[in-house]
1. How about region 170-223: which trypsin sites (Lys or Arg not before Pro) there lie in a loop by DSSP and see at most 16 other Cβ atoms within 10 Å?
2. For region 233-312, what is the convex hull (Cα atoms) projected area averaged across all directions, in square nanometres?
3. Near the amide H of VAL31, under 5 Å away, which other amide H atoms are found, from residues 5 or more places off or on another chain, if H is placed in the peptide plane?
4. Starting from the exponent 0.38 and prefactor 2.2 Å, build the expected Rg for region 199-267 from its residue count and divide its actual Cα Rg by it.
5. Show me the helices of the chain, taken as full DSSP H stretches, that run 27 Å or more along their long axis by Cα and average -0.5 or above in Kyte-Doolittle hydropathy.
6. Just to confirm a number: summing +1 for Lys and Arg and -1 for Asp and Glu over residues other than ALA117 whose beta-carbon lies under 15 angstrom from that of ALA117, what do you get?
7. Taking loop as defined by DSSP and a crowding limit of 10 other beta carbons within 10 Å, which trypsin sites (Lys or Arg not before Pro) in region 237-311 fit?
8. Looking at the chain, identify the longest residue range that excludes and avoids all GluC sites (Glu not before Pro) in DSSP loops having at most 10 other Cβ atoms within 10 Å.
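The values are calculated or read from the model by the stated rules, or taken from the named source; none is laboratory data. Owing to the predicted nature of the structure, the values given are computational and were not obtained by experimental measurement. Here the Cβ positions follow ideal geometry from the backbone for every residue, glycine too, while neighbour counts run over all protein chains shown. Side chains included, ligands, DNA and RNA excluded: accessible areas come from the protein's heavy atoms. Shrake-Rupley method; radii C 1.70, N 1.55, O 1.52, S 1.80 Å.
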Amino acid sequence: MSEPYDKGQSPGQEHTGWLGMALEMLKDVSVVIHASVIQVRGSAPRAVGANMLITADNIWDTIGGGALEFEVMQQARSDIDMIHVSQVAWHRRVMDIALGPDMGQCCGGHVRVLIEAFTIADTPILRVLAASDQPLLHPLASGQPLALADSELGDKGAMITADKTGFILPQRPYQRPLFIYGAGHVGRALVPVIDGLGFDVYWVDIAPDRFPAVVPKGVSDVIAIDPTLIAAHAPIDAFHLVITHSHALDQAICHTVLAGEGFARLGLIGSKTKNARFRSRLGKAGITDDVLARLTCPIGIELVTGKQPARVAISIAAQLAIWQQELDNEGEIS
């Protein structure tokens, strides 16, 4: 299998849209294939909207599945060879794949994958569309260029159009805001571990010298003398992780989040004793029992034990992944 397009960047490391990456790849090659999962029935490696870019020598991102992805890559590269010869404009085709019989995989589901080619000649249109940062309509038939989607996606990550002739896909996947308060040992161990989980990360602390010399790419370091001001203005779909150097600051941030207009999840580092003490204090400060029930402390999964920062970070990262899965299953974000 070929190496990823940018060896220094994992697919989730930076909030890069697939179209922006396709334009970058077209600086070095004449054809880029975009492969998107447009329909799933039964069990499959990835959901509708999973996509990847393929050139003759490289790939970016993944549609998962091992054998499925390898077959899509082979088909895509045969299309690249064909386009070099025939110069087809806006080439597209849909692969229908039964994962069991066709791929020898145990998933047993069925997927449809849209294969579409972008060439150097398409770059003027692609640049205009990329500048909009809006969801795009991908016709399923060849010959028609990409266009801005007329209909809103709503809470769907991607979808087939009502007339079944096109596929609507956002240029950038949804990334849930994640606010991490505290750049100490645990924070420094955690931030690299969650790379690739699909978060828009805001790392908050009170002074610049509390952060490492190099903050990981794609992470926003936020210096705030009073981090509660940041917590008070966070979007209601955000996750909050409170792991500061100060119990008083931890409590102030938790109170701000719990008393605010809404949040998705709130996790606090600590012991069972700290948990009981904070719940008592927050209750006396006016936080009701039903809201307090949404505070997770200690944050992390019980199966990962040990107090070394690396183990604590792995435990917290696992908890974040569980929270993401819970909300995905509830249908909040596709």
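1. Passing sites in region 170-223 are LYS217.
2. Averaged projected area of region 233-312's Cα convex hull equals 5.6 nm².
3. Placed amide hydrogens put nothing under 5 Å from VAL31.
4. 1.08
5. Correct list, ordered by number: 67-86, 309-330.
6. Net charge in that neighbourhood comes out at -1.
7. Filter output for region 237-311: LYS307.
8. 1-151
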